[in-house]
Amino acid sequence: MPRSRKPKLAVWKFASCDGCQLSLLDCEDELLAVAGEVDIAYFLEASRAVVKGPYDLSLVEGSITTPRDAERIHKIRRASKYLVTIGACATAGGIQALRNFKDVNEFLSIVYATPAYIETLKTSTPIADHVTVDFELRGCPINKRQLLEVLSAFLHGRRPNTPPHSVCIECKRRGTVCVMVARGTPCLGPVTHAGCEALCPSYHRGCYGCFGPMETPNTASLSAWWQRLGASEEDVVRAFRGFNAYADAFRKESERHEQ
């Protein structure tokens, strides 16, 4: 990016819980360094100040769930030199993508007294289904150190360096005994993207797949191992339908066990 001026950074929210935006605020001391390198032009979670685009880098949190969202993301894409999606909602549709497997009108009739007032799409979809995305940062929520790496990479004109391997590698690096081997606990770690530093296995719990599918995951093999441990077809479907239920690899595996 040109250094004659500070690059403009914008942070946008769609359907989400705001947790990934908070990860940026959680950077604390590092955030001061970021603020010194960029002009935070739009970030309503942190400030009401708004600077008009175009923007050098846009971080987008949340999924597309309404017709208005579907229009707004195109405006943001046109105003952004680079667009990076952050978190499970923006990269895979989020937990709200569970609606994609059912009839959304049924949910509307159950939850809302006057469903006609609700304007929504039948599905919750990731940002990349609507516009070109320059990089996807996974997680629910994202890893703040990975976020800083992404910001640094785009500020210095290089590709971000985030690990492509699974949570299993993180377990090995921190010396955590495999919960599947030692305890017979079903775990999504072998097919899940690294980034959480194997938090759940370090407390003797199986991975929940918060960071979505790793590169080329062998979900069929993992499901077979789960069933050897006593998991039912319903257990497998439920496991793959979490925060990243509509990520391609997880969606296909859950549908395979629903047939």
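Below is a table of values for the structure above.
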{"read-out": "Scope the stretch 123-171; condition closer than 24 Å to ILE95 by Cα and of a type in the set (Lys, Arg); matching residues", "value": "ARG138, LYS144, ARG145"}
{"read-out": "Selection within the stretch 100-112 - assigned to a helix (DSSP H, G or I) and at pLDDT below 95", "value": "VAL104, ASN105, GLU106, PHE107, LEU108, SER109, ILE110, VAL111"}
{"read-out": "Some residue of the stretch 133-151 being assigned to a helix (DSSP H, G or I), among the small types (Gly, Ala, Ser) and either more than 12 Å from the chain's Cα centre (by Cα) or under 27 Å from ALA198 (Cβ atoms) (or both)", "value": "no"}
{"read-out": "Single unsatisfied condition, THR123 versus (1) of a type in the set (S, T, N, Q); (2) closer than 30 Å to LEU108 by Cβ; (3) in a helix (DSSP H, G or I)", "value": "(3)"}
{"read-out": "Cβ pairs under 6 Å, 6+ apart, first in the stretch 181-197 and at positive phi, second of a type in the set (Phe, Trp, Tyr)", "value": "GLY195/PHE211"}
{"read-out": "Test for THR132: is it touching a strand residue (DSSP E or B) at 6+ places or on another chain (Cβ under 9 Å), under 29 Å from ASN100 (Cβ atoms), surrounded by fewer than 19 Cβ atoms within 10 Å (Cβ to Cβ) and among the polar types (S, T, N, Q)", "value": "yes"}
{"read-out": "Number of the exception - SER47 against (1) polar (S, T, N, Q); (2) closer than 20 Å to VAL131 by Cα; (3) surrounded by fewer than 19 Cβ atoms within 10 Å (Cβ to Cβ)", "value": "(2)"}
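The values are calculated or read from the model by the stated rules, or taken from the named source; none is laboratory data. As the structure is a computational prediction, the values presented were derived from the model and not from experiment. Note that we place each Cβ from the backbone using ideal geometry, even for glycine, and neighbour counts take in every protein chain shown.
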